[in-house]
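Written out below as structure tokens is the structure these notes cover.
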Amino acid sequence: MNRRKRGYEDREGGGAGGYRKKRRTNETVEIEDRLESLILRVGEKSTSSLESNLEGLASVLEADLTTYKNKILKILVDCAVSLPDKCTIYTTLIGLLNTKNYNFGGECVELLIKSMKDSLKTVKWEQARFALRFIADLVNCHVISAGSLLQLMDNFVDAALEEGVPQVRRDWFAYAVLSCLPWVGRELYEKKESELDRMLGSLEGYIKRRNKTHHNALRVFRSDTPHPQEEYLDCLWQQIKRLRSDMWVEKHIVRPYLAFDSVLCEALQHNLPQMVPQPHHPSTIYPLPQVVFRMFDYTDCPEGPSSTIILPGQHSIERYLIEEQLRHILKTYHKERKECAAQLLSYPLKNKIPLEYMIVEVMFGEIFRLPNPEFIEIAYGSILIELCKLQPSTMPQVLAQATELLFERIDTMSVTCFDRFISWFSYHLSNFQFRWSWEDWEEHTKTDPEMPKPKFIKEVLLKCLRLAYHQRIVDVVPESFAAFAPEKPEAHFKFALDPNEPGAEINGCNLAFKLVNAIKQKISQEEIQAILSDIPEGEQDRELNTLKVTVFTQTLLHLASKSFSHSFAAIAKFHPTFKTLADTEEAQICMLRSMYELWRKHHQMMVVLVDKLLKTQIVECSAVANWLFSKEMVGEFTKVYTWEILHLTIRKMNKHVNKLNKEANDARKMVEDVESESEDSDNDQSRKTMEKPTEEQVEKLEEKLEAAQADQKNLFLIIFQRFIMILSEHLVRCDTDGVNFKNPWYHWTIGRLQQIFLLHHEQVEKYSTTLETLLFTQDLDPNILDVFQQFLALRM
Amino acid sequence: MVVALSFPAKLTDEELMLKAKYEKLRRIKKKVALSKLPHHHHDDKLKGGHDHKPALLLSGAGSTAALAGSGGTSSGPGLGVSGASLGGAGAGLGGSHHRIPEAKDAKEVAKKLIRTGALQTIQKTIEKDKQEKSRGFKRSQGLERKLTGLDARAGYQPFSATHGPSGGFDTGGEDMNPEPVEPPPKKVKNLYDTFVTARDREERGLPDREGNQSEKPRQGHTVYVFGYNISEDFLKTVFASNGKIVNVSLEVEKNCGFVTFEKPESAEAAISEHNDTLAQGIQLKVSMARRQPQIDPINDASSSSTWSTIAASHSQKGSHKDKRDLVTYDDGIF
């Protein structure tokens, strides 16, 4: 929680020496910096008590209020919204200042309200929520009257009850109010019980009525046993209800103002200015709903030396408060893994809770967050490793336990989380010498390899292969794991045979032989293309082309099979030939297929090659999609790399569209700016350096964007159409055969469909009307339609 | 108290005498412990070493006999001498331990006394064990399997009835078992088993449970090896037979090195097998490394301790040696 390790005293003693690297000569600036540092660091570890530090700081600030009022106001309000973990410390400080200087208190309140309004306008939802909580906590410090806070909250509740606006908007207002109550519930209960009850009544009505179609799409586990995976607002509501039945008494929040009660209760209170949330605008993006991830309960944690260390229950408000604080630490330090781990482990209440368990649950909750984790996955993995290094006696053990529990429950895990679990676990293993009690999983070698558990093991080892090398992985696992061990990632060149041997494709082998020699002699591309056209007669044109593409792709990639770099260099060098050959989508698919035949055993190679072929625009995104859904790839359909390729293809497309979108927008803006400023001839001089795009150029850019958007839409249409086709076919077949359609294949396929919606929800959303009218029509099987409706509900 | 059941309610004269002596020794021990506080680690280590001595592990009359040896001397140092003679192997443990024989020996004698009937400390151990057993009823399938395996086996233990919860210690694979139950894989052992080595019991030659109730010997995954001109490869070759090695680190100028094993049993096996022996012409001294984290199992995940050991060894690359050939990139087709 402490921003810096240095104590409060250091600064007092060494402040003049150089607590800032850059010494500024201006005395005012120096004093302002000093004030800022003082305010920022109050609440850090110190030899004297927090209360006496606060008291001291309040008197220092009071003395400076006349000269530096605005600066102090600004710092305090900044701290209020950006350091939510120190909320009560700053409210106490403001409370103390308010007793000394009533007007200052009033200005603080005004500025806070303004800051909250700004945050709402600029859609900084978390900041706005923290500002509201801060304002609420000021009621505890007798800065704001309970009645006027209730009025503000009522306005928020009204926004939650508003009809005809997206539920995500209403959810946010309800959530913001509920998340203040742990702080201010008791005070409101004591002073305005009936108003509080009325407000809670309205909120309850809303929470019970709201639509929860999205819930299933966002769950990590489909099952609620052993731990319910609750919708976030439902969960918080239950926690608040529990708090209410405990007479709003919670023991978790540190409340320094209690010590100053006798001083604070003398103070005059302010009334909040009237504030009504701004109305909904269609362009506003609201936070998506969430599901609270749970994997531990108190029985999973070892009993500590005393029974005081116990994991709070799922509906206890402490669980919510601790999780929120841990997430906040994670968010603040996620870019510095070592610092992050240290901060997490020095969580102030670590002696009262099984901290390692709570950290691990929060970390996995973030890794598995749907639709997308907030940070890149490796950030979480690397922080977990730092946590292990910092706390080697417990952290690795808790992680190992967590891994076993997750594995055990993997049958009901969402497919997207399944992928993330694989990448985390393999990454973690690569940092732990790939040691794991593999023997424990031996029994799964005998089950259907399409079941989640064996599939997980197989895919983990494949992913480990990317982080090590083949022999290493083979050595690591027990011999009984032969079925799971990855194949040696070698190229298989089918034209390597002597043309005269039986079984060889004579034409192909001959051609390949010629090509190899030609490439080795470094002859020109034209000559290569001439060799390719020189194919024995008597064959049909189409097959000719197929043979040409196949032989060329395989021969070239085979010659370049030594490394990724060799392959990339080969593609770059023969780019013109590739382009000439891949003139139709059919040829492109043929090229992809040839690559697959060659590199079937080397998933990572296929992934990077497809990426390269897309980047160099040799193949188009739609060709990749069609190839993956083709008959030849049926055997690969449930493998993780297949979906890695599809997602990278979609991402490539999205990136392309976004880039063009930005270019077109910038150019359009530039033209408009120049037009509006054209009268101002003085500006022309400076503008000359920046080429002003002509109207024609802008139009060209916009055309390009439109074309790209059409491609993007087309790509999604192809993918969803293919999904609907194969799923419907499966459902019908199972129906006629009278078997349960819920087999492993169905589980994977419907999960992958859901994954496309979730991972690319921002892009798919743009085409949801088209999808609804063209593909996801009401006559579709409800099992498939459900996935689409869950997706729509995300932003409802 | 469980163990007390095996003794008659009335104490014999001899036992009374022992009890009085125990009290006295405890006072001495306390005093010595106080004066030796800075050498805490060392003390622990020695204790670990000595716990394996057969003479110390006798129960009842046996330990009385052992005490008789020291009975004549009543002062702290005197006990120290006899203790040292009991614990011969302790001599190999390294330079400075001679300074504090009193502490450890007082402890040893105290322990013997504990075994004869004074039960205070045992109580604690058993309490702890109970806790271990009762924690967490929600467990992984793997563990469920392990536990049921254990329980079934525990049922056949001839001493389990009288020895109560402590019986849980000894249900490892190396225990003799009258039933042809399929021996569980090694890692299926209760993690507490790792505290009692097979060798330990073999040396005793009797299925004596009470030994286990004494304080646990110092545990660890890492051993300290001293020998002239040792190298990393040398250490790997010599100790490979004791178990999977997680990490090897060398301090060449001090002629010593540390070998971290995946399992603590391996570390103990390494000590008993290689200490004071000649390997490839090098005289070795092997002991438990002093400064190493104590990893107590807090849950039942089988990879727990391995991951902990690796995390604690500060070595990410570990003992792995890449056996691949170097790939050369000579040609320039592209």
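Points to keep in mind about this one:
- Protein accessible area in the range A:420-488, 1.4 Å probe - carbon and sulfur %: 52
- A 1.4 Å probe run over the range B:222-288, with the rest of the protein chains in place, finds 44 Å² accessible per residue.
- Surface composition of the range A:122-277: carbon and sulfur atoms hold 49% of the protein heavy-atom accessible area at a 1.4 Å probe.
- Lys/Arg +1, Asp/Glu -1 at C-beta; the range A:420-488 dipole; positive extreme among A:L461, A:V477, A:T447: A:L461
- Dipole axis of chain A (+1 Lys, Arg; -1 Asp, Glu on Cβ), positive-most option in A:N510, A:P226, A:N545: A:P226
- The magnitude of the dipole of the range A:504-619, with charges of +1 and -1 set on the Cβ of Lys/Arg and Asp/Glu and taken from the Cα centre, is near 720 debye.
- Whole-Hz ³J(HN,Hα) from phi, Karplus 6.51 cos²θ - 1.76 cosθ + 1.60, for the range A:641-647, glycine and proline x: 5, 4, 7, 4, 5, 5, 5
- Dividing the summed helix terms, -39500 (n - 2.57) for each DSSP H run of n ≥ 4, by the number of residues in chain A produces a 222 nm estimate of -21000 deg cm²/dmol to the nearest 500.
- Ratio Rg/Rh, restricted to the range A:420-488 and using Cα atoms, in which Rh is the Kirkwood radius: 0.92
- Take the Cα radius of gyration of the range A:29-181 and divide it by 2.2 N^0.38 Å, N being the number of residues; the result is 1.10.
- Structural descriptor for the range B:222-288: relative contact order 41 percent, calculated from alpha carbon pairs under 8 angstrom and at least 6 residues apart.
- Peptide A:385-397, shielding by other chains (average Cβ, 10 Å cutoff): 6
- Pairs from the list A:K74/A:K331; A:K548/A:K612; A:K488/A:K520; A:K124/A:K662; A:K463/A:K612 with a Cα-Cα gap above 25 Å: A:K488/A:K520.
- Highest to lowest packing among A:315-323, A:407-415, scored as the average C-beta count within 10 Å: A:315-323, A:407-415
- Where B meets A: accessible area buried, both sides, 1.4 Å probe, Å²: 4200
- For the range A:682-789, the Stokes-Einstein estimate of translational diffusion at 25 °C and a viscosity of 0.890 mPa s comes to 145 µm²/s, using the Kirkwood hydrodynamic radius over alpha-carbon pairs.
- Extension gain, A:H492 back to A:I376 (0.36 nm per residue minus Cα-Cα distance, nm): 38.3 nm
- From most to least packed by mean Cβ count within 10 Å, the peptides A:153-165, A:274-286 give A:153-165, A:274-286.
- Couplings 3J(HN,Hα) for the range A:459-468, derived from phi with the Karplus relation 6.51 cos²θ - 1.76 cosθ + 1.60 (θ = phi - 60°), are 6, 4, 5, 5, 6, 4, 4, 5, 9, 9 Hz, where x marks Gly and Pro.
- Over the range A:316-408, accessible surface divided per residue gives 30 Å², non-protein components excluded, 1.4 Å probe.
- Listed peptides A:244-254, B:268-278 by packing density, highest first (mean Cβ within 10 Å): B:268-278, A:244-254
- 3J(HN,Hα) from dihedral phi, the range A:377-383, Karplus parametrisation 6.51/-1.76/1.60, rounded to Hz, x for glycine, proline: 4, 5, 4, 5, x, 6, 5
- At R0 = 51 Å, FRET efficiency that the Cβ-Cβ distance of A:E336 and A:D737 yields, to 0.05: 0.35
- The range A:504-619 - percent of accessible surface contributed by carbon and sulfur, probe 1.4 Å: 50
- Amide H contacts for A:T616 (H built 1.01 Å from N in the peptide plane; partners 5 or more residues away or on another chain; cut-off under 5 Å): none found.
- Computed from the Cβ-Cβ distance with R0 of 25 Å, the FRET efficiency linking A:Q471 to B:V252 stands at 0.25.
- A:E762-A:E110 pseudo-label distance in nm [points 7 Å out on the Cα-to-Cβ vector]: 3.9
- Centroid-to-centroid separation of the range A:731-796 and the range A:327-371 [C-alpha atoms, Å]: 35
- Mean separation of Cα contacts under 8 Å (6+ apart) over length of the range A:504-619, as relative contact order %: 26
- Database remark: amide H of B:L250 closer than 5 angstrom to the amide H of B:F258 (H placed geometrically; neighbours at sequence offset of 5 or more, or on other chains; Pro and chain starts carry no H).
- Net length available on complete extension from A:F564 to A:N211 is 122.1 nm, with 0.36 nm assigned per residue and the Cα-Cα distance removed.
- Efficiency of FRET between A:N783 and A:K704 - r from beta-carbon atoms, R0 35 angstrom, step 0.05: 0.35
- Given charges at beta-carbon only (K, R positive; D, E negative), |dipole| of the range B:222-288 in Debye: 20
- Normalised Debye scattering of the range A:504-619 at q = 0.18 Å⁻¹ gives log10 I(q)/I(0) of -0.90, counting only Cα atoms as equal scatterers and leaving out solvent.
- Across peptide A:431-444, the average count of Cβ atoms from other chains found within 10 Å of a residue's Cβ is 6.
- P(r) of chain A over all Cα-Cα pairs, binned every 20 Å from zero, in whole percent: 13, 38, 34, 13, 2, 0
- Remark: mean inter-chain Cβ contacts per residue of A:401-414 equal 3, using a 10 Å Cβ-Cβ cutoff to other protein chain atoms.
- Rel. contact order, % - alpha carbon contacts under 8 angstrom, at least six apart, the range A:420-488: 39
- Once backbone amide H atoms are built at 1.01 Å from N, A:I144 has A:V139, A:H270 as its partners under 5 Å, excluding neighbours fewer than 5 places away on the same chain.
The values are calculated or read from the model by the stated rules, or taken from the named source; none is laboratory data. Keep in mind that this is a model prediction, so the values were computed, not measured. Cβ: placed from backbone, ideal geometry, glycine included. Neighbour counts: every protein chain shown. In case anyone asks, the SASA skips ligands and DNA or RNA and just uses the protein heavy atoms, side chains included. Shrake-Rupley method; radii C 1.70, N 1.55, O 1.52, S 1.80 Å.
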